[in-house]
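The next block holds one structure in the form of C-alpha cells; read it before the comments.
The values are calculated or read from the model by the stated rules, or taken from the named source; none is laboratory data. Fair warning: this is a prediction, and the values are worked out from it, not measured in the lab. Methodologically, a virtual Cβ is constructed for each residue, glycine included, from the backbone with ideal geometry; neighbour enumeration extends over all protein chains shown.
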C-alpha cells in the first residue's frame, strides 16, 4: 500500500463519513461543522457539505486513477480533482433540492388556537391525551388536555395553549370548520 493509497483512502473515508453524518444528523452535527464557516454560501447552501463532497470524490477518483487506470500519483491526483469537482456539483445540487423542500414558515403553538383536529388518544378530564391536527402543511400529533373527557375519534377545537400542550374542547354538533384537520390533504 503506497502513500497515495493512504491519502486517497483517507480523503474518501473522512470526506464521505463527515458528509454522511451531515446528511443524517444535520441539526446536531451541522453546528460542529459550522465552525468551518467561510462567511458565504453557495446559492443558499453552506460550503461545508460541498467541500466534503469534493474531498470524498477526490478520494474515489484518486483511487480509481491509481488502480483502475494504472496512473501514477500525479495522474491519479488529476483524476481525483476532476471527480472531486463533479462530486461537489452533485452535493451542491442535492443540498439545493433539500433546502427547497424545507418548510420556510415556522409557527408557534398559539398559532393553532382556533384550529380543529381529531382526538387520536382519548383525553380524560383534566389529564392528557393526543390530538392529530393538520396545520402549516403538515400533520402534527400534539399532546392536549381538556376540562371534560373527550373520546378518541371526536373532532375538537383548540381553545388555548398551556405550556407545550394544547387545550381543546369538543367541537359543537353544528357544522364544523375542519380546515386544518383534513386527513386527505
task: Determine whether the range 149-161 contains at least one residue that is under 27 Å from the mean Cα position of the chain (by Cα) and surrounded by 13 or more Cβ atoms within 10 Å (Cβ to Cβ).
output: yes
- prompt: For residue 137, are the conditions met, namely being surrounded by fewer than 17 Cβ atoms within 10 Å (Cβ to Cβ) and either on the phi > 0 side of the Ramachandran plot or at pLDDT below 90 (or both)?
  reply: yes
Search result, residues across the range 87-138 that are over 26 Å from the mean Cα position of the chain (by Cα) and either within 18 Å of residue 151 (Cα to Cα) or not in a loop (DSSP other than H, G, I, E, B) (or both): 116, 118, 119, 121, 122, 123, 124, 125, 126, 127, 128, 129
- prompt: helices (runs of 4 or more DSSP H) wholly in the range 1-80 with at least 3 residues that are at pLDDT 95 or above - which ones?
  reply: 3-24, 47-67
statement: Going through the range 1-27 in order, the residues found to be under 11 Å from residue 63 (Cβ atoms) and crowded, with 18+ Cβ neighbours inside 10 Å are 4, 7, 8, 11, 12
Exclusive hit being without any contact (Cβ under 8 Å) to a residue 12 or more places away in the chain and either surrounded by 13 or more Cβ atoms within 10 Å (Cβ to Cβ) or in the same structural domain as residue 41 (by TED's automatic domain parsing) (or both), set 98, 132, 166, 109: 98
